[in-house]
Amino acid sequence: MSLQTNSKIVKWIDYRLPIFTMMQHSALDYPTPKNLNYWWNFGSLAGIVLVIQIITGIVLAMHYTPHVSMAFDSIQHIMRDVNYGWLIRYIHMNGASMFFAIVYIHIFRGFYFGSYKYPRELLWWIGIIILLVMMATAFMGYVLPWGQMSFWGATVITNLFSAIPEVGNAIVTWLRGGFAVDNPTLNRFYSLHYLLPFIIVALVMAHLMALHQHGSNNPLGIDRKGPQDSIPFHPYYTVKDMFGLMVFLLIFAVLIFYFPNMLGDPANFIQANPLQTPEDIVPEWYFLPFYAILRSVPNILFIPAKLAGVICMFGSIFLLFLLPWLDTSPVRSARFRPIYRQFFWIFVIACIGLEYVGSQKPEGLPLVIGRICTAYYFLHFLVIVPLVGWFETPRPLPQSISEPVLRGGAVPAGAVREKP
């Protein structure tokens, strides 16, 4: 398949603005490692869900009123009076959850196969920045329905910055646009929630540019040796991505049509009331691990628990920027790192534990589990990953991507280690 046709219009445009040549190179002829598996589907899935979120968000914005006296009622108007408004809102609401699920899987795949290592450090950094902007966008979007959990979630999260010495209260006032979460807060959150997805699009473009500079990583974690290790992206991986998309859309449709409110909080179906605090203030599921870290950290020396929790919560994300240098192993893929692979699965269990703890009250057994999982989270990055890289003896790497592919995945005898 080729975008280069005999059409005079296409040639006329491409001569002056080579968009068709660029698309041909980037989307069709792009050389891709021949051994990519379905874990590599999640990058394209994330891009598709981002487009879905932007389109549905623009439609919802046409009917939403960002005012504290009308925001909750405008959501009901969308659900009841706008043609297919209920469907658009459910797609947008559950699309946020699916977006985070896909991105989290994408990140954990990067952990396992070492996609953050040389020469893809900047690619990894841009991906983490995308995650941060996603978090900001999702948090501000959660405030817009102006239910009980929206209001009190905004109150609690903005109040975290008051823990910063000297300037904390001023930052909180600046974020809220006043001394409490009120109409100025709702207006600025609405504006930023509309703007930030387009910032994400720009970051995704930069992410793709960095990806195409050195090509995709692969399950073996070794570099391509030549044309024999590559195949064109189309049709081999477009077909694979389409299959993954169909599976995703099936799961997404079941969620939307049968369990649309499963991932939401019932308290958010009650209009915001500043005079009535909910018994439990719980964020969306994709924030729960970080919320668990925030609440699990006790007083550390002279640092009060609130400030220590805020530092650890933000530090848990900042560590991801340092990961390319914390990992001292010359081997990328965990397939060839037997010790690291075991610690990786312990890390996954710790993250699942934090997800559970974030949904519980910070007392009793959940608090103990939260502190253990939080301690392991930081221990994993700051101690285990560097030490394993120094002392682990990896399995031999294959000579090239082609050999294990042609031999059914077996590592050829006499293969030697290769530094990335």
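Points worth noting:
- Label-point gap, in nm, between L28 and A206 - each point 7 angstrom along Cα→Cβ: 3.1
- Other-chain or far-sequence residues with amide H under 5 Å of T32's (modelled H): I231, F233
- The lysines within cross-link reach of K8, meaning a Cα-to-Cα straight distance under 28 Å and a gap of 8 or more places when in the same chain, come to none at all.
- Label zone (M135, point 7 Å along Cα-to-C-beta; backbone nitrogen cut-off 12 Å) within the stretch 275-293: 286-293.
- Ordered by the count of other Cβ atoms within 10 Å of each Cβ, fewest first, S359, S216 give S359, S216.
- Whole-Hz Karplus values for the stretch 189-202 come out as 5, 5, 4, 5, 5, 6, 7, 4, x, 6, 5, 4, 4, 4 Hz, taken residue by residue from phi with 6.51 cos²θ - 1.76 cosθ + 1.60 and θ = phi - 60°; glycine and proline positions read x.
- Gyration tensor verdict on the stretch 121-195 (Cα atoms; rounded if a/c is under 1.5, prolate if a/b is larger than b/c, oblate otherwise): oblate
- Each of N159 and W86 was given a label point 7 Å from its Cα along the Cα-to-Cβ line. The distance between the two points is 3.6 nm.
- Spin-label proximity, I105 to the stretch 28-53 - amide N less than 19 Å from point 7 Å beyond Cα toward beta carbon: 36-53
- Relative contact order computed over the chain (Cα-Cα under 8 Å; 6+ residues apart), in percent: 21
- Straight-distance candidates among the aspartates and glutamates for linking to K34, with alpha-carbon spacing under 18 Å and chain neighbours fewer than 8 residues away dropped: D223, D229, D241, E403.
- Chain lengthening between I48 and F391 when straightened (0.36 nm per residue, less Cα-Cα): 119.4 nm
- The stretch 33-277 - percent relative contact order, Cα under 8 Å, separation 6 or more: 33
- Helical mean residue ellipticity (222 nm; -39500 (n - 2.57) per DSSP H run of 4+; nearest 500) of the chain: -20000 deg cm²/dmol
- Projected-area average for the stretch 36-163 over all orientations - Cα convex hull basis, square nanometres: 10.0
- For the stretch 173-179, the Karplus equation 6.51 cos²θ - 1.76 cosθ + 1.60, evaluated at θ = phi - 60°, returns couplings of 4, 5, 5, 7, x, x, 8 Hz by residue, with Gly and Pro reported as x.
- Residues whose amide H falls under 5 Å from that of K225, counting only those 5 or more places apart or on a different chain, are I401, with hydrogens built in the peptide plane.
- Applying D = kT/(6 pi eta Rh) to the chain, where Rh is the Kirkwood radius over alpha-carbon pairs, T corresponds to 20 °C and eta to 1.002 mPa s, the Stokes-Einstein value obtained is 90 µm²/s.
- Cα-based shape type of the stretch 277-336, given that a ≥ b ≥ c are square roots of the gyration tensor eigenvalues and the cut on a/c is 1.5: oblate
- FRET efficiency, 1/(1 + (r/R0)^6) with R0 30 Å, evaluated for T277 and N169 via beta carbons: 0.90
- Three-way shape label, the stretch 282-395, alpha-carbon gyration tensor, a/c 1.5: prolate
- When you filter the trypsin sites (Lys or Arg not before Pro) in the stretch 164-228 for DSSP loop state and at most 15 other Cβ atoms inside 10 Å of their Cβ, you are left with K225.
- For the chain, the longest principal axis of the Cα atoms and the long axis of helix 305-326 meet at an angle of about 10 degrees.
- Sites F257 and H214, calculated FRET efficiency, Cβ-Cβ separation with R0 51 Å, nearest 0.05: 0.75
- Candidates per chymotrypsin sites (Phe, Trp or Tyr not before Pro) in the stretch 168-227, loop by DSSP, up to 16 other Cβ within 10 Å: F179
- Legend: distances between Cα atoms for K306/K361; K11/K240; K117/K225; pairs beyond 27 Å are K11/K240.
- Whole-Hz ³J(HN,Hα) from phi, Karplus 6.51 cos²θ - 1.76 cosθ + 1.60, for the stretch 117-125, glycine and proline x: 8, 3, x, 10, 4, 5, 4, 5, 4
- Under 5 Å from the amide H of I303 lies no amide H of any residue 5 or more positions distant or on a separate chain, with H modelled from the backbone and absent for Pro and chain starts.
Each value in this text was obtained by applying a stated rule to the coordinates, not by laboratory testing. Predicted, not measured: the structure shown is a model, and the values here were computed from it. Cβ atoms come from the backbone with ideal geometry, glycine included; neighbour counts cover every protein chain shown.
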